[in-house]
1. Be a star and scan the range 432-455 for residues whose amide nitrogen sits under 20 Å from the point 7 Å along the Cα-to-Cβ vector of residue 477.
2. Sorting 167, 473, 281 on the 10 Å Cβ count, fewest up front, what's the list?
3. Using only Cα atoms, what Kirkwood radius does the range 412-495 have, in angstroms?
4. State whether the range 296-389 is rounded, prolate or oblate according to the following rule on the C-alpha gyration tensor (a ≥ b ≥ c being the square roots of its eigenvalues): a/c under 1.5 gives rounded; otherwise a/b larger than b/c gives prolate, and the remaining case gives oblate.
5. Could you give the length gained on full extension between residue 316 and residue 349, defined as 0.36 nm per residue of separation minus the Cα-Cα distance, in nm?
6. Go ahead and collect, in residue order, the members of the range 415-458 whose backbone nitrogen is under 16 Å from a label point 7 Å along the Cα-Cβ direction of residue 470.
7. Between residue 69 and residue 294, how many nm apart are label points set 7 Å from Cα along the C-beta direction?
8. Could you calculate the FRET efficiency of residue 188 with residue 328 from 1/(1 + (r/R0)^6), where r is the beta carbon distance between them and R0 is 56 Å, rounded to 0.05?
């Protein structure tokens with residue numbers, strides 16, 4: 001988790017997880033709409049534009065008032081109440097309050113007591129879709145004992161939870177009563193491009209519906225909040241209380257659900273994140289129909305293919321998802337997938353990054369068969385896998401992440417990598433890692449078990465050193481190592497020191 005990211009901050013109540021600077025601060029994304037202002041590009045910039053791009057120069061941004069007027073009644077504020085945890089207190093020996101109203105605080109003689117804490121309160125945003133359902137964030141309504149929906153006309157109605165999906169931070173609620181607000185239509189988030197105008201409506205800091213506007217800053221952002229990250233980044237003023245509110249395109253269709261901001265302080269700095277409609281639509285529909293979300297399960301631990309790994313395997317590009325573990329009895333194991341395989345495609349979807357694979361598998365129904373193209377032993381192969389249903393306790397992808405540790409050299413030295421090995425209890429173990437060495441930069445730690453070198457088993461420190469030396473002699477720029485830490489296996493490409 002990156003420092004400075006706050007994820008899941010609800011107005012008045014931090015209901016999410018602190019990721020350093022990423023704040024699930026109920027993002028409301030915005031577009032800069034300077035009504036009536038015309039900003040002309042400098043003459044030099046105009047001259048530099050290609051002829052076909054002349055129409056793309058800055059000009060007056062569209063007036064959003066009509067769209068905002070139509071959409072605002074369908075956006076609501078959600079006030080939540082959560083039961084606080086009861087605080088345990090140490091009671092005195094021989095309780096002098098026994099039999100009095102204070103006994104509940106101090107307990108029986110010689111025992112600790114409990115102090116009742118006031119409920120926590122917070123607020124977020126949401127919006128109506130077909131059927132009278134309201135879409136919001138999971139972190140807005142998580143563990144809520146009571147929810148109240150506040151409309152723009154001042155009405156307040158109690159709401160009930162339909163279902164949640166913590167993995168994508170989405171939730172659906174429904175009000176207990178009749179509503180006249182029109183449902184907002186889903187838009188095409190896949191067509192959103194950096195530079196496109198967008199606007200958002202939400203209730204920052206519990207102030208009630210507030211409109212902000214800006215542009216799409218980037219697509220496909222991974223903010224490390226989960227394995228299904230695929231956020232739209234916008235430059236809008238998003239603040240606590242905006243979570244769960246809609247992000248609109250220029251037609252007034254919802255292309256995202258505002259969910260997080262990046263902020264060192266917790267306030268808006270112009271970097272917000274929205275769950276794309278292409279992902280949210282399917283999740284919301286499953287919640288409405290089943291109360292929960294079913295995902296496909298492959299049963300592998302995966303890691304990104306770095307440039308060093310690609311070089312050591314003679315892959316043409318640093319793309320794909322490397323299999324670091326295969327769960328016994330899983331669809332992957334039955335299909336013949338092995339540790340060290342690089343998955344290049346799943347069905348008809350290319351796997352350039354590990355997120356491409358997790359999303360493709362999650363979107364696949366249990367019982368469906370897919371072709372999986374892999375790279376193994378220097379050539380491409382295709383396997384057929386029958387996807388199972390993901391259970392809450394199913395194995396999740398294991399990603400290599402660590403910081404190098406320094407230490408005095410001991411054991412057999414692999415100076416070209418900056419580490420030493422020793423034999424311990426039948427295992428080959430990293431006994432030291434030189435500071436600022438290739439091994440340290442790759443995240444290898446003292447105590448890691450070395451399992452393989454370039455896909456060949458490393459039975460002894462001497463065998464491992466021989467394999468590393470051979471890889472260097474073959475003019476390789478890096479060597480592929482498989483290691484194990486804390487029971488989890490991972491691959492890492494380590495370049496040779498210059």
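1. 437-443, 454-455
2. By the 10 Å Cβ count, ascending: 473, 281, 167.
3. Hydrodynamic radius (Kirkwood, Cα pairs) of the range 412-495 is 12.4 Å.
4. Here the range 296-389 falls in the prolate category.
5. This chain segment gains 10.0 nm when fully extended.
6. Counting only backbone N, you get 451-458.
7. It works out to 4.7 nm between the two label points.
8. 0.85
Each value in this text was obtained by applying a stated rule to the coordinates, not by laboratory testing. Here the structure is a predicted model, which means the values were calculated and not measured. Heads up, the Cβs are rebuilt from the backbone with ideal geometry, glycines too, and the neighbour counts pull from every protein chain shown.
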